[in-house]
Amino acid sequence: MQIQACQAGAPEWFATQVRVGREHSCARHLRMRGYEVFLPCFLQNRRWSDRVKTIHRALFAGYVFCRVSSETVAKIVTTPGVVRIVGDGRRAVPVPADEIAAVQRIVDAGLAVEPWPFLQTGQCVRIGVGPLRGTEGVVVESRNSQRVVVSISLLRRSVAVEVDAEWVRVQ
């Protein structure tokens with residue numbers, strides 16, 4: 001992984017580790033403090049003894065993305081529920097903007113999305129048409145359909161989105 005220095009004061013996306021199950025609460029607190037927050041979610045059916053309810057779950061359990069400048073990133077940890085800013089042990093490391101943009105396109109497209117194990121090998125593709133045009137990922141077969149897996153390498157986590165075979169172009 002190559003880490004590049006950013007321009008002083010330019011806001012970047014940082015992965016904020018939060019308590020699992022408290023992602024929505026932490027995102028709300030961060031927004032109230034004036035930070036730009038990205039909390040990608042998916043719908044999941046949860047069964048209770050008397051009913052089934054569809055709930056919004058965090059796509060990356062235990063993480064919220066926050067866009068801030070590198071000078072102010074340390075202030076985020078004072079937010080209730082925030083555990084730490086993901087980094088290399090010495091400093092906070094920003095998430096590559098293209099990885100965040102790919103996940104944002106997937107969430108905005110409104111397609112079926114779910115968490116997926118992180119993959120390092122496989123067929124790399126770029127989606128050529130449709131609402132995810134320009135998104136890069138890895139093709140996998142699941143439940144008799146094709147999915148494109150997009151990864152956040154810093155977190156070693158991935159998401160999968162179901163796509164039409166005609167959308168995919170091999171790189």
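The values are calculated or read from the model by the stated rules, or taken from the named source; none is laboratory data. Just so it is clear, the model here is predicted, and its values are computed rather than measured. Methodologically, a virtual Cβ is constructed for each residue, glycine included, from the backbone with ideal geometry; neighbour enumeration extends over all protein chains shown.
Pairs only if they're at least six apart or on different chains, beta carbon under 7 angstrom, first in the range 47-69 and not assigned by TED's automatic domain parsing to the domain that holds L111, second loosely packed, with under 10 Cβ neighbours inside 10 Å and in a strand (DSSP E or B); list them, first residue then second.
Listed pairs, sorted by first residue: V52/N45; T54/N45.
If I filter the range 146-159 down to residues being in contact with a helix residue (DSSP H, G or I) (Cβ under 9 Å, 6 or more places away or on another chain) and either without any contact (Cβ under 8 Å) to a residue 60 or more places away in the chain or on the phi > 0 side of the Ramachandran plot (or both), which single residue comes out as surrounded by the most Cβ atoms within 10 Å (Cβ to Cβ)? Break it down stepwise before answering.
First, pick out the residues of the range 146-159 that are in contact with a helix residue (DSSP H, G or I) (Cβ under 9 Å, 6 or more places away or on another chain): 146, 148, 150-154, 159.
Filter once more, so that each one left must be either without any contact (Cβ under 8 Å) to a residue 60 or more places away in the chain or on the phi > 0 side of the Ramachandran plot (or both): 146, 148, 150-151.
Values: Q146: 16, V148: 26, V150: 22, S151: 21.
Only one residue fits best here, namely V148.
Considering (1) assigned to a helix (DSSP H, G or I); (2) farther than 17 Å from E36 by Cα; (3) of a type outside the set (G, A, S), say which one L111 fails and leave the rest.
(1)
How many of the residues making up the range 51-102 are among the hydrophobic types (A, V, I, L, M, F, W, C), crowded, with 19+ Cβ neighbours inside 10 Å and assigned to a strand (DSSP E or B)?
Residues in the range 51-102 being among the hydrophobic types (A, V, I, L, M, F, W, C), crowded, with 19+ Cβ neighbours inside 10 Å and assigned to a strand (DSSP E or B): 9 in total.
Any idea which of (1) hydrophobic (A, V, I, L, M, F, W, C); (2) closer than 26 Å to N45 by Cα; (3) assigned to a loop (DSSP other than H, G, I, E, B) is the one V129 doesn't satisfy?
All conditions pass for V129, except number (2).
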